[in-house]
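Below: one structure in structure tokens.
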Amino acid sequence: MDIKVQGLILLMFLLSCTSEPPTSNLLGRFHVDKDLFLAQFDCKTDVDDLHSIAGVATILADPRFKDVKYHAVAGAYGIQEGLYVPAYKLFEAAFGDNWSDAHSDFERALKEVTFITTNTLERGGNIWIADAGQSDFSAALIRNIKFTIPKIETKSLINVVQHSDWNESVTASDNLSYVKANTSYHKIPDGNVIGNGSPGFKTDKIVSWQDYMMNPEIVKVWELAIEIANEYNGTEGRYKNPEIANGGMDFSDVSETCWIFGFESLINVEDFFQEFSKSSD
């Protein structure tokens, strides 16, 4: 065999041994084959979480997300005052059986999510937490994971994404410090603002979202989210969301989910519905 051919074969062999593994299973920063996505919502007392639940459900219904493993948590709130916004039917419509209720039974929810996350970690996956609210539940979860798997290196394997200064301010200070010290904590630009590097998913204008969403199940989720949000917005001392009161939309917390999955370049609400209109497939 010609020496040049032999050299070429050897080079190809070495490259095959040292090259990086294929990244076709990556969806943004998320490894679809092994990672777990946790969507955690405080639902206290701003009704924007209800629109955010529908927004996350819209993303997960997109065909590109069919193999994404996920779980949602209701009632992942911190030390803020005000009444909770009950949305059990909405969580069921959006996530089926893949959610836990930390408002009604914190310890049961913590046990459920600890089981799911430790299973993922033991199988070599990473955890991606979108804290659509405060980080108190995340702190309790990480403590539980460390207790269950003492040798686990949570700093490199658990990612917490937060977009809101206010959410940080009403997280118990010891919990926020603990989360920042024991996870890869990603503070992204505020999703309430357009043009700051995060999608701005907040508008006081009426949005014709029905023109994009043809999936009847997702349409039902949005209709339910809007109905419950309108019912509880500003009632019994709850925060009155002005954009939602004016007939607009506020799912600013979904900016975190977009960052995790590589859609942080979306600009506004219209961009969101255009991008994920394929959820009708």
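I need the helices (runs of 4 or more DSSP H) fully contained in segment 95-192, keeping only those with at least 1 residues that are touching a residue at least 24 places away in the same chain (Cβ under 8 Å), of a type in the set (G, A, S) and open to solvent by less than 40 Å² (accessible area, probe 1.4 Å).
106-122, 136-148
Please state which one of L83, L27 is within 16 Å of the chain's Cα centre (by Cα) and in contact (Cβ under 8 Å) with a residue 40 or more places away in the chain.
The match here is L27.
Kindly provide the set of residues from segment 193-214 that are within 24 Å of G262 (Cα to Cα), in a loop (DSSP other than H, G, I, E, B) and open to solvent by 30 Å² or more (accessible area, probe 1.4 Å), ordered by number.
Result: V193, I194, G195, N196, G197, Y212, M214.
Hey, another quick one. Would you confirm whether or not segment 238-246 contains a residue that is part of a loop (DSSP other than H, G, I, E, B), modelled with pLDDT under 95 and open to solvent by less than 20 Å² (accessible area, probe 1.4 Å)?
no
Collect the residues in segment 69-96 that are β-branched (V, I, T), touching a strand residue (DSSP E or B) at 6+ places or on another chain (Cβ under 8 Å) and more than 15 Å from E256 (Cβ to Cβ), keeping them in residue-number order.
V85
Here is a further query. What tally of residues in segment 221-237 results from selecting those that are farther than 19 Å from E81 by Cα and free of Cβ contacts under 8 Å to residues at least 12 places away in the same chain?
3
Give the residues of segment 71-94 that are crowded, with 21+ Cβ neighbours inside 10 Å and in a strand (DSSP E or B), sorted by residue number.
Those that are crowded, with 21+ Cβ neighbours inside 10 Å and in a strand (DSSP E or B): A72, V73, A74.
The values are calculated or read from the model by the stated rules, or taken from the named source; none is laboratory data. Predicted, not measured: the structure shown is a model, and the values here were computed from it. When we count neighbours, we look across all protein chains shown, and the Cβ atoms used for this are built from the backbone with ideal geometry, even at glycine. Each accessible area value is taken on the protein alone, full model and side chains, heavy atoms only, with ligands, DNA and RNA left out. Shrake-Rupley method; radii C 1.70, N 1.55, O 1.52, S 1.80 Å.
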